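Only one structure is covered here, and it is reproduced in the block below.
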Amino acid sequence: MFPYNIVMLVHLSMLFLPKLVFAKCTCESQIQGHRIEHEALEFKLIGIGSILLASAIGVCIPLLLKNVRALQPETGLHFLIKAFAAGVILATGFIHILPDAFASLTSPCLPENPWGGFPFAGFIAMMAAIVTLMMEALATGYHRRAEMLKPQPLDGDEEANPTDAGHVHGPAILLERSNSSSLIRNRIVSQVLELGIVFHSMVIGVSMGATQSPKIIKSLIAALSFHQFFEGIGLGGCISQAKFKARTITTMVLFFSLTTPAGIAIGILISKRYNEYSPTALVVQGVLDSASSGILIYMALVDLLAADFMNPKLQTDFRVQFGANFSLLLGACCMSLMAKWGDS
């Protein structure tokens, strides 16, 4: 009986051994998972501070240095900095946002009908660019018509009272209207540009906050800090030229600086329930990224680059023209490299 009991005991131990080992492995995997989550949370908090600081510094530099003579509008250095910032924004739209939009809206996790049979990402980006153009044209036209309806002095009155100190001459009125139209356009440009940036900043912030991979988060911290810094310079330059009131400037600066950190915080809060591959998340992310890319590409090409590169002061100075072209390519290439860095 004794050997038989030993054999039975061995059989029973072999029967329960896999369960004991499985329980041990499960415990270790849970501990390791908690460690990874804790490490990821630490990097996310570092990312909030780093991206917030980079965003605030970038958008505030043009505002704080707007009275520096070398950085005044239509100076050589101003053209170079603005071209670099425009290159960063252009690469952001083409290299960072638009591919992500296509990836989201062509994901196999989405139903084939209707998402699989039509390039929605390109279509939404195109429509966003067209709508942005229409909004700018309508807003600018409205303000110009309002300026035209204002009363103006007659030519006969000008000749009759040429020395009247309170009288505004016709050419001065035309110059004033031109400056007013330019100011209104700059304000519209800065507001629309911030809207396009904020769309993507919120999406990428939520995605980063929901990610549990420390390696991915570390690479995103560097890429997004660079991204926000130079986007901030471009946006800050537009805000500076728009000559908003102090309260409006403060609101726009805070809104830009806090959007990505707020997105990261939201991502942290919903990371337990957030599934980036769910159909709802993919559609929302894809639509917002598509719209954001269309807005940023339009703004970079039309409102930032075309306006400066067609400027007579830039075209008549070959050195500034060459420098602006080089600065544009440098900004676009640097931001494009960030895409490779962010995926590594």
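The values are calculated or read from the model by the stated rules, or taken from the named source; none is laboratory data. As the structure is a prediction and not an experimental result, all values here were calculated from the model. Counting neighbours? That spans all protein chains shown, and the Cβs are built from the backbone with ideal geometry, glycine included. Each accessible area value is taken on the protein alone, full model and side chains, heavy atoms only, with ligands, DNA and RNA left out. Shrake-Rupley method; radii C 1.70, N 1.55, O 1.52, S 1.80 Å.
Odds and ends about this structure:
- Filtering region 232-244 for residues that are in contact with a Ser or Thr (Cβ under 6 Å, 6 or more places away or on another chain) and among the hydroxyl-bearing types (Ser, Thr, Tyr) leaves an empty set.
- Among the residues of region 104-129, those that are assigned to a helix (DSSP H, G or I), in contact (Cβ under 8 Å) with a residue 40 or more places away in the chain and not aromatic (Phe, Trp, Tyr) comprise Ser104, Leu105, Ala121, Gly122, Ile124, Ala125, Met126, Met127, Ala128, Ala129.
- For Leu330: the one exception among (1) within 19 Å of Met208 (Cα to Cα); (2) at pLDDT 90 or above; (3) open to solvent by 40 Å² or more (accessible area, probe 1.4 Å): (1)
- Among the residues of region 279-306, the ones that are among the hydroxyl-bearing types (Ser, Thr, Tyr), out of contact with any Leu (no Cβ under 6 Å at 6 or more places or on another chain) and either at pLDDT below 90 or open to solvent by less than 10 Å² (accessible area, probe 1.4 Å) (or both) come to 3 in all.
- Qualifying residue in region 118-132 (condition: closer than 26 Å to Leu330 by Cα, touching a Ser or Thr at 6+ places or on another chain (Cβ under 7 Å) and buried (at least 23 other Cβ atoms within 10 Å of the Cβ)): yes
Residues are listed down the side, and each one gets a yes or a no for (1) open to solvent by less than 10 Å² (accessible area, probe 1.4 Å); (2) touching a helix residue (DSSP H, G or I) at 6+ places or on another chain (Cβ under 9 Å); (3) hydrophobic (A, V, I, L, M, F, W, C):
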| position | (1), (2), (3) |
| --- | --- |
| Met208 | yes, yes, yes |
| Thr211 | no, yes, no |
| Leu224 | no, yes, yes |
| Gly232 | yes, yes, no |
| Ser240 | no, yes, no |
| Met252 | no, yes, yes |
| Ile268 | no, yes, yes |
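- Of all the listed residues (Ile97, Ile89, Ile51, Ile46), the sole one being open to solvent by 60 Å² or more (accessible area, probe 1.4 Å) and of a type in the set (Val, Ile, Thr) is Ile46.
- Restricting the first member to region 200-215 and to residues that are touching a residue at least 24 places away in the same chain (Cβ under 8 Å) and assigned to a helix (DSSP H, G or I), and the second to residues that are of a type outside the set (A, V, I, L, M) and open to solvent by 30 Å² or more (accessible area, probe 1.4 Å), the beta-carbon pairs closer than 7 Å and six or more apart or on different chains are Val203/Gln285; Ser207/Glu276; Ala210/Tyr274; Ala210/Glu276; Pro214/Glu39; Pro214/Phe43.
- Identity of the residue in region 215-255, under 26 Å from Cys333 (Cβ atoms) and of a type in the set (Phe, Trp, Tyr), that ends up modelled with the highest pLDDT: Phe229
- Unique match (being assigned to a helix (DSSP H, G or I) and among the acidic types (Asp, Glu)) among Glu74, Glu136: Glu136
- Here Leu133 meets the list (1) in contact with a Phe, Trp or Tyr (Cβ under 8 Å, 6 or more places away or on another chain); (2) of a type in the set (A, V, I, L, M); (3) closer than 22 Å to Ser201 by Cβ almost entirely, failing just condition (3).
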